[in-house]
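Chemist: Just dropping this structure here.
We did not get these values from a lab; they are worked out from the coordinates using the rules stated. None of the values given here were measured: they were computed from a predicted structure. No Cβ is skipped: glycine too gets one built from the backbone with ideal geometry, and neighbour counts run over all protein chains shown.
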Amino acid sequence: MTTFKLYKKEQLTERRLLFSFLLSLFSFFLVAQNLGDGRFREIAVGPSIIHEKLPEGYNYTPLFFTARFPVHHFKSVKKGHFKVFAEPQFVLNNPPSSFPTTYEFGANLGFQYWVPFTDKSALSISIGAGPHYLSLETSIQAKGFIFSDNFEIGYYQMIGKQLGLSIKPRFRHISNAGFLSPNIGIDNLFLMVGVFWKNNKQ
């Protein structure tokens, strides 16, 4: 009975944390409409295409959801543009039926440098890091607070006056910097596909 109560309490805590993240994400969307700088906003989703096999006997192959909003733009450097961005993240993992569905959520603060090579297309490179929550239970990584470190290379293509598509291979490492044990870390390579847009003031 005590074990059941602890399990229910843990479930309630995780649901509250998830609700808080979703509320924060909604707030980010509201703020993004009023930034007024004419820069790109973006949402993206992607599967893991290279992943680790966990000691429990299955591959960790989560689906990655992100939303990206500009925080600050620096002056152009030659033909390139350099910016700071905020990126809420949600990760969903559906393992084999004998294991429970798990999730992650958090946010990154990152830096992006992108270089247009035609009027409607550009290449970019981005890095980001930030706090995360991991619900996965595995013998190689402690559940709970972690850091999510990301590196990606992206291709951006405009398909209209205000709208475009992106494709971005992304390497991600999660670990907790030694705050809890075990802390071996988990690595994935994702293939992200996104939609980006700019406001009418650009």
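Chemist: From the backbone phi of the stretch 93-107, what are the Karplus-calculated ³J(HN,Hα) couplings (6.51 cos²θ - 1.76 cosθ + 1.60, θ = phi - 60°) in whole Hz, Gly and Pro given as x?
Modeler: 3J(HN,Hα) across the stretch 93-107, in whole Hz: 10, 10, x, x, 4, 7, 10, x, 5, 10, 8, 9, 7, x, 8.
Chemist: Counting Lys and Arg as +1 and Asp and Glu as -1, what is the net charge of the other residues whose Cβ lies under 9 Å from the Cβ of M158?
Modeler: Residues close to M158 contribute a combined charge of +1.
Chemist: Estimate the FRET efficiency between L109 and K161 by the formula 1/(1 + (r/R0)^6), using the beta-carbon distance for r and 35 Å for R0, to the nearest 0.05.
Modeler: Efficiency computed from Cβ-Cβ geometry: 0.70.
Chemist: Might you report the magnitude of the Cβ-based charge dipole of the stretch 51-178 about its Cα centre, with Lys and Arg at +1 and Asp and Glu at -1, to the nearest 20 debye?
Modeler: Here the stretch 51-178 has a charge dipole of around 680 debye.
Chemist: Are there any GluC sites (Glu not before Pro) in the stretch 100-166 that are in a DSSP loop and have at most 14 other Cβ atoms within 10 Å? List them by number.
Modeler: E137
Chemist: From the phi of every residue in the stretch 115-130, what ³J(HN,Hα) in whole Hz does the Karplus formula 6.51 cos²θ - 1.76 cosθ + 1.60 yield, where θ is phi - 60° and glycine or proline is x?
Modeler: With the stated coefficients, the stretch 115-130 comes to 10, x, 10, 9, 5, 10, 9, 7, 10, 9, 9, 9, 9, x, 8, x Hz.
Chemist: Can you compute the label reach from E56? Point 7 Å from Cα along the Cβ direction, backbone N cut-off under 12 Å, restricted to the stretch 62-97.
Modeler: Only 93-97 pass the distance filter.
Chemist: For a quick check of your reading of the filter: which trypsin sites (Lys or Arg not before Pro) in the stretch 36-89 sit in a DSSP loop and have no more than 10 other Cβ atoms within 10 Å?
Modeler: When the trypsin sites (Lys or Arg not before Pro) of the stretch 36-89 are filtered for loop state and at most 10 Cβ neighbours within 10 Å, K75, K78, K79 remain.
Chemist: 7 Å from Cα along Cα→Cβ at both S76 and V193: what's the point-to-point distance in nm?
Modeler: My value for the distance between the label points is 3.2 nm.
Chemist: Can you list which of the trypsin sites (Lys or Arg not before Pro) found in the stretch 154-184 are DSSP loop residues with at most 13 other C-beta atoms within 10 Å?
Modeler: Sparse-neighbourhood loop trypsin sites (Lys or Arg not before Pro): K161.
Chemist: Give the Kirkwood hydrodynamic radius (Å, one decimal) of the stretch 54-168, defined as one over the mean of 1/r across all pairs of different Cα atoms.
Modeler: For the stretch 54-168, the Kirkwood estimate is 16.1 Å.
Chemist: Which net charge results for the neighbourhood of S126, defined as the other residues with beta-carbon distances under 11 angstrom from its beta-carbon, given Lys and Arg at +1 and Asp and Glu at -1?
Modeler: So the environment of S126 carries a net charge of +1.
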